[in-house]
1. Taking segment 220-231, which residues are in contact with a helix residue (DSSP H, G or I) (Cβ under 6 Å, 6 or more places away or on another chain) and either in a helix (DSSP H, G or I) or buried (at least 22 other Cβ atoms within 10 Å of the Cβ) (or both)?
2. State which residue is surrounded by the fewest Cβ atoms within 10 Å (Cβ to Cβ) when the search covers only segment 243-254 and only residues that are of a type in the set (A, V, I, L, M) and not in a helix (DSSP H, G or I).
3. Which condition does residue 394 not pass, out of (1) of a type in the set (A, V, I, L, M, F, W, C); (2) touching a helix residue (DSSP H, G or I) at 6+ places or on another chain (Cβ under 6 Å); (3) surrounded by fewer than 19 Cβ atoms within 10 Å (Cβ to Cβ), if it passes all the others?
4. Looking only at segment 317-339, count every residue that is among the basic types (Lys, Arg) and out of contact with any helix residue (DSSP H, G or I) (no Cβ under 9 Å at 6 or more places or on another chain) and tell me the total.
5. Restricting attention to segment 255-270, report how many residues are open to solvent by less than 20 Å² (accessible area, probe 1.4 Å) and not in a loop (DSSP other than H, G, I, E, B).
6. From the set of residues in segment 186-217 that are among the acidic types (Asp, Glu) and assigned to a helix (DSSP H, G or I), which is farthest from residue 241 (Cα to Cα)?
7. Please go through (1) touching a residue at least 40 places away in the same chain (Cβ under 8 Å); (2) touching a Gly at 6+ places or on another chain (Cβ under 9 Å); (3) closer than 30 Å to residue 311 by Cβ for residue 355 and return the number of the only condition it doesn't satisfy.
8. Tally up the residues in segment 412-424 that are surrounded by 16 or more Cβ atoms within 10 Å (Cβ to Cβ) and within 13 Å of residue 443 (Cβ to Cβ), please.
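The values are calculated or read from the model by the stated rules, or taken from the named source; none is laboratory data. Remember, predicted model here, so these are calculated numbers, not experimental data. A quick note on method: Cβ atoms are made from the backbone with ideal geometry, for glycine too, and the neighbour counts reach across all protein chains shown. SASA here: full protein model, heavy atoms, side chains in, ligands and nucleic acids out. Shrake-Rupley method; radii C 1.70, N 1.55, O 1.52, S 1.80 Å.
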Amino acid sequence: INYRNSLITGMFSFDANLAEASRPYSDDEDALNEVEVNGNWTPQEKALHEARLKAKAKRRLRKSSSRNSTSESFSESGDVPGGDPHSPKGKVNTNDRKSRAGKGRGLPKKGGAGGKGVWGAAGMVYEDEEPDARDPNYDESSQGDTVYATVVPEVDEKELEKMVNPIVQEYFEHGDTKEVEMLLKELNLGPHKYEFSSLAVSLSLEGKASHRELTSRLLSDLSGKLMSQSDMARAFDKMLKELPDLILDTPEAPQMLGQFIARAIADHVLPMSFLDCYKGKVDCEYARVALDRAAVLLTMKREMVRLDNVWGVGGGLRPVKHLVKEMNLLLKEYLVSGDVSEAERCLRDLEVPHFHHELVYEAVVMVLESKGDTASHMMIKLLQSFWKTGLITVDQMNRGFQRVYDELPEISLDVPHAHSIMETFVDLCYQESVITKQLRDACPSSENATGKLPETG
């Protein structure tokens, strides 16, 4: 009986414990009473009860912290909370910009200026910004009038000589300084522009006297436009330093450079104090020769030498009387020396291919006025050499003989046997292939004093 009573008492106490565990605890006082009533718990029941107490304590701590933060945000902002009252417990409106981290004052992130699709805080005014050409969305056509500028790359020092040489060589042919100036303006020479003057002078040293005259004129025309006096001084200073190399190709380079310097100073291309800068400071022997040559030319009286003719007058710029005198002197020296190559060199140096008919005319007249056959054979040898080398063209040869044919009656007044000498000389020239058969047949005889080349249709 006692055993049955104790069993029934234990079953009722177990049911009471289950009922108490399922009922929500309101406060700490109920938990204490429960511990006092159910002091005789099994270990499993005790462990379950402790776990429930811990979970309940955590819920109370979470509710108290949330309640404190909400009260602080209400007290500072005074706004109505943005949560939906009909939403489930713990749910927050997803469109609310307040922080959901459980910390802070509950204000919107970045003051309401951040987030997707947001252009900034309310009332913010943006200033106009300059368009950036590096922006991927940059539209060049929408920026108004666009001005395009041609950018010419600077000429490299290594490529300068390749670009300048053709310009100078063509200038030696046409002699137009304005065209050279236009071509140089199209090039971006940069800090190497002074080297154009030194290259032009170097090329003229290897050329003719007429080329050196053209170079002096070019330097004078470019001075003050594209080249300053300091640029010219720098160019001639470079030339003085390069004289040991220049004399290998041009032994007369020191004297010629001295003439260039004197002419440049006279034309105000170089400053008057250019020579004074080198007094007692030059160690190179060739540079001293060039500077001394320039100083001598500048100190000479004007009646003795004119620096604007320091190179002479080249080519077709020479007076006709001067050219006739030069050709007469050339032929007389040839008759004395018999050197065909020297006569050819002198004729080329005159640079008047359009006036070679004068040489033919003077040579034939000398044959008519000479005594004996020596002059005749020597002139045939000279004309034959000029004909074979192409120095005298067929047009110039025909024109020279035709002039003698036309003036033969007047020559006969001084030389009575001019017609017979002329016929013999023309036959010998034809046999040596100096003249054509047509030119030989046009030679006037003593009966027919007038000789004309037959006109060709």
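1. Once the filter is applied, which keeps residues that are in contact with a helix residue (DSSP H, G or I) (Cβ under 6 Å, 6 or more places away or on another chain) and either in a helix (DSSP H, G or I) or buried (at least 22 other Cβ atoms within 10 Å of the Cβ) (or both), segment 220-231 yields 221, 231.
2. For segment 243-254, the residue satisfying everything is 248.
3. All conditions are met except number (2).
4. Residues that pass the stated criteria total 2.
5. 8
6. 186
7. The number of the failed condition is (1).
8. Going through segment 412-424 one residue at a time, the tally reaches 4.
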